[in-house]
There are 2 protein chains.
Amino acid sequence: MPGWRHDIGNHSDKPISGKRIAILVEALFDDDEFMACKNGLVTAGADVVTIGPTAPSPFSGRNGLVVLSDQTARQTSVKEIDAVVIPGGFAPDKIRMRHAMVDFVRDIVEAGKPVAAISHGPQLLISVNAVRDRKITCWPSIAIDVKNAGGLYMDRQVVVDGNIITARKIDDVPALTASLVQALSVPTDI
Amino acid sequence: MPGWRHDIGNHSDKPISGKRIAILVEALFDDDEFMACKNGLVTAGADVVTIGPTAPSPFSGRNGLVVLSDQTARQTSVKEIDAVVIPGGFAPDKIRMRHAMVDFVRDIVEAGKPVAAISHGPQLLISVNAVRDRKITCWPSIAIDVKNAGGLYMDRQVVVDGNIITARKIDDVPALTASLVQALSVPTDI
């Protein structure tokens with residue numbers, strides 16, 4: 001499986017140039033997880049868009065960072081997005097009640113595109129039944145919900161199972177981002 | 001089943017005088033649910049104590065109300081408590097990781113004493129496996145977790161199933177409090 005390399009045929013010198021990645025936002029997202037993930041993906045060459053329940057709208061993280069949503073899930077085609085990131089905090093609890101965002105995540109999962117979820121992010125994966133029989137990590141408070149949903153919970157920095165990539169907490173975000181970059185670096189036209 | 005009556009043998013003119021009820025607190029509890037529940041129970045004659053992960057310690061609700069914990073779960077005997085209330089907000093997510101508080105709720109449930117949980121409070125009931133095969137209501141974002149835990153989710157104001165009493169949200173707290181008072185008014189020495 002190719003890693004983060006510069007020799008796999010990209011025309012840019014960045015590993016995932018041209019890839020469009022959606023980060024989901026709602027009130028009370030985890031500020032640090034959002035920023036660390038966004039910065040890592042932009043550094044790797046990705047075009048990052050924020051998707052919220054309304055757009056353009058400001059959403060405040062639980063520590064006060066204000067992020068503007070670029071577009072809504074309803075305005076977004078699965079075809080235009082290569083991967084989705086779900087930061088943690090209490091935003092995933094709120095996104096669970098945003099039907100268009102839930103449907104969007106389900107469609108991305110079913111399209112086989114990578115979905116990366118951090119800390120409480122797997123709550124949304126439970127909502128779209130994407131953890132069943134999959135190896136999953138998460139913030140420990142929701143481990144029981146992951147298990148009850150049929151997930152195979154593991155207390156690891158990052159867990160990759162098919163197109164589902166999960167991490168426990170902010171400290172794990174660099175490793176999660178590397179795994180997502182790796183997943184997106186695999187040629188999809190074979 | 002006797003209701004909230006003044007003729008069931010209490011020596012006081014309040015329906016649950018002498019009953020000692022523990023309300024669980026942690027950071028980000030729902031301020032309104034805490035206050036409405038506490039006020040309703042005190043009005044009904046209860047002696048309310050707050051139980052937190054440390055005590056005496058201040059805990060801030062998600063809207064800024066500061067509550068002081070009276071004692072810890074470790075300092076509390078199941079025998080001295082007649083019922084437990086779990087307000088919602090994001091506190092239940094945090095309490096799930098406080099082992100002594102989780103064990104205390106499990107012990108109260110197993111002792112057959114009433115446990116009343118509001119909105120996100122049933123997350124803690126999931127942690128102690130108290131929703132399986134029981135009728136439960138909750139905040140809609142966690143309905144899927146309740147179902148995955150074997151609970152029979154119902155979208156009702158208040159649901160009473162044995163000693164487990166649940167409500168969806170702040171608007172339902174008066175009805176929840178009335179159900180808890182009723183449960184505590186049933187003579188336990190028969």
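The values are calculated or read from the model by the stated rules, or taken from the named source; none is laboratory data. Model, not experiment: these values are computed from the prediction. Note that we place each Cβ from the backbone using ideal geometry, even for glycine, and neighbour counts take in every protein chain shown.
Restricting to segment A:157-175, name every residue that is in contact with a helix residue (DSSP H, G or I) (Cβ under 6 Å, 6 or more places away or on another chain), of a type in the set (Val, Ile, Thr) and crowded, with 23+ Cβ neighbours inside 10 Å.
Once the filter is applied, which keeps residues that are in contact with a helix residue (DSSP H, G or I) (Cβ under 6 Å, 6 or more places away or on another chain), of a type in the set (Val, Ile, Thr) and crowded, with 23+ Cβ neighbours inside 10 Å, segment A:157-175 yields A:ILE165, A:THR166, A:VAL173.
Take the residues of segment A:142-151 that are in contact with a Lys or Arg (Cβ under 7 Å, 6 or more places away or on another chain) and over 22 Å from A:ARG98 (Cα atoms): which is farthest from the other protein chains (Cβ to nearest Cβ)?
Only one residue fits best here, namely A:GLY151.
Picking from B:ALA143, B:ALA178, B:ALA149, which residue would you name as being touching a Phe, Trp or Tyr at 6+ places or on another chain (Cβ under 8 Å), modelled with pLDDT of 95 or more and farther than 20 Å from B:CYS37 by Cβ?
One residue alone meets the criteria, B:ALA143.
Might you check whether a residue that is surrounded by fewer than 23 Cβ atoms within 10 Å (Cβ to Cβ) and among the hydroxyl-bearing types (Ser, Thr, Tyr) occurs anywhere in segment A:75-92?
Yes, segment A:75-92 has at least one match.
Which one of B:VAL105, B:VAL131 is surrounded by 23 or more Cβ atoms within 10 Å (Cβ to Cβ), assigned to a loop (DSSP other than H, G, I, E, B) and within 14 Å of chain A (Cβ to nearest Cβ)?
Checking each option against the conditions leaves just B:VAL131.
When only residues in segment A:108-126 that are under 12 Å from the mean Cα position of the chain (by Cα) and away from chain B (no Cβ under 14 Å) count, which is surrounded by the most Cβ atoms within 10 Å (Cβ to Cβ)?
Among them, the one singled out is A:ILE118.
Has segment A:10-17 got at least one residue that is outside any helix (DSSP H, G or I), within 30 Å of B:ALA27 (Cβ to Cβ) and at pLDDT 95 or above?
Within segment A:10-17 (the criterion being outside any helix (DSSP H, G or I), within 30 Å of B:ALA27 (Cβ to Cβ) and at pLDDT 95 or above), the answer is no, since none of the residues qualifies.
Could you go through segment B:94-113 and let me know if any residue there is modelled with pLDDT of 95 or more, over 19 Å from B:GLY151 (Cβ atoms) and touching a Lys or Arg at 6+ places or on another chain (Cβ under 7 Å).
Yes: segment B:94-113 contains one or more residues that are modelled with pLDDT of 95 or more, over 19 Å from B:GLY151 (Cβ atoms) and touching a Lys or Arg at 6+ places or on another chain (Cβ under 7 Å).
Considering every residue within segment A:28-51, establish whether at least one is exposed (fewer than 15 other Cβ atoms within 10 Å of the Cβ), hydrophobic (A, V, I, L, M, F, W, C) and assigned to a strand (DSSP E or B).
So far as segment A:28-51 goes, no, none of its residues is exposed (fewer than 15 other Cβ atoms within 10 Å of the Cβ), hydrophobic (A, V, I, L, M, F, W, C) and assigned to a strand (DSSP E or B).
For segment A:151-190: of the residues being in a loop (DSSP other than H, G, I, E, B) and small (Gly, Ala, Ser), which is farthest from B:ILE144 (Cα to Cα)?
Among them, the one singled out is A:GLY162.
Can you tell me which of (1) within 14 Å of chain B (Cβ to nearest Cβ); (2) surrounded by fewer than 19 Cβ atoms within 10 Å (Cβ to Cβ); (3) in contact with a strand residue (DSSP E or B) (Cβ under 8 Å, 6 or more places away or on another chain) is the one A:THR72 doesn't meet?
It fails just one condition, (1).
Here is a check on your reading of the model: is A:LYS135 free of Cβ contacts under 8 Å to residues at least 12 places away in the same chain, within 26 Å of B:VAL128 (Cβ to Cβ) and among the basic types (Lys, Arg)?
So A:LYS135 does not fit the description; no.
Tell me, which residue of segment B:61-72 that is in a strand (DSSP E or B) and in contact with a helix residue (DSSP H, G or I) (Cβ under 9 Å, 6 or more places away or on another chain) is farthest from A:ASN63 (Cα to Cα)?
B:THR72
How about segment A:75-102: which of its residues are within 12 Å of another protein chain (Cβ to nearest Cβ), assigned to a loop (DSSP other than H, G, I, E, B) and more than 22 Å from A:ASP32 (Cβ to Cβ)?
A:MET97, A:ARG98, listed by residue number.
Which members of segment A:52-69 meet the condition of being buried (at least 20 other Cβ atoms within 10 Å of the Cβ) and not hydrophobic (A, V, I, L, M, F, W, C)?
A:GLY52, A:PRO53, A:GLY61, A:SER69
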